[in-house]
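Taken together, the values in this text are just the output of simple stated rules run on the coordinates, not laboratory data. The structure presented is a predicted model; accordingly, all values stated were derived computationally and were not measured. Here Cβ is always computed from backbone atoms with ideal geometry, including for glycine, and neighbour counts include all displayed protein chains.
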Amino acid sequence: MADPELLTSTSPLASPTSRRSFLKGVGLAAGAAVLAPGMSEAQEAAPAAAASPPGLQELGRGAQAVTLKVNGASKTVQVEPRATLLDTLRMQLGLTGAKPVCDRGSCGACTVLLNGTAVYSCMQLTMECEGDEITTVEGIAADPKYAGLVNDYCEHDAAQCGYCIPGFVVRSAEVVAKGGYPSTPEGVREALAGNTCRCGAYSMIFEAVATATKGGAA
């Protein structure tokens, strides 16, 4: 009777092959394939680490502590490198005045003041704002300097749904604080061109800002 451990090829020229030796060969080949990539990665990692520029601080992907100056107060938050200023203000600091609408820097509903300049907070990384002065619509509403501006918005009924209005108020605060913008209707439109009102309440908004900048009713 033929040995069950013996596999015989159908070719008359082939020599008999042991099943045990065949399986051993397959196992050794698989082991070599597993070990080779690990050795290659280790060899590649060494020169990469050596090539790191001196003084480079690697923060990684995890959350990092960042201290922000928001509405005159110092706030320390834990944020990932990808976190936007808008998300941090809303989710971690509870300042929900800035609104997430387009999330691509085109509508202005998330506008805040960064060192006195109006910016889209959805386009700012939180880590890039460390040490900067950040003013949200909540800070503007609490600042007596802007009481006249806020009152003009109310007097002219410059809102419908109100979702875009915080961004308009922040942008208007920049106009009032910096000055230099014409207080004519055309000048006000140009100053607020980066903000969008989907309800179409532009005429009342322009009137409010024109009044606040001493231009009278637009």
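Side notes on the structure shown:
- For segment 64-212, the share of DSSP beta bridges that are antiparallel, to the nearest 5, is 90%.
- Candidates per trypsin sites (Lys or Arg not before Pro) in segment 83-159, loop by DSSP, up to 16 other Cβ within 10 Å: ARG104
- For GluC sites (Glu not before Pro), the sites in segment 116-162 that DSSP calls loop and that have at most 16 other Cβ atoms within 10 Å are GLU130.
- Rounded to whole numbers, the Karplus 3J(HN,Hα) couplings from phi for segment 132-147 are 7, 8, 10, 10, 9, 4, 5, x, 5, 5, 8, 8, x, 4, 9, 4 Hz, using 6.51 cos²θ - 1.76 cosθ + 1.60 with θ = phi - 60°, and x at Gly and Pro.
- Extension gain, THR67 to ASN115: 0.36 nm times the residue separation minus the Cα-Cα distance gives 15.8 nm.
- Isotropically averaged projected area of segment 64-212, using the convex hull of Cα atoms (one quarter of hull area), nm²: 8.0 nm²
- Ranked list, fewest to most other Cβ atoms within 10 Å of each Cβ, for GLU80, GLU207: GLU80, GLU207
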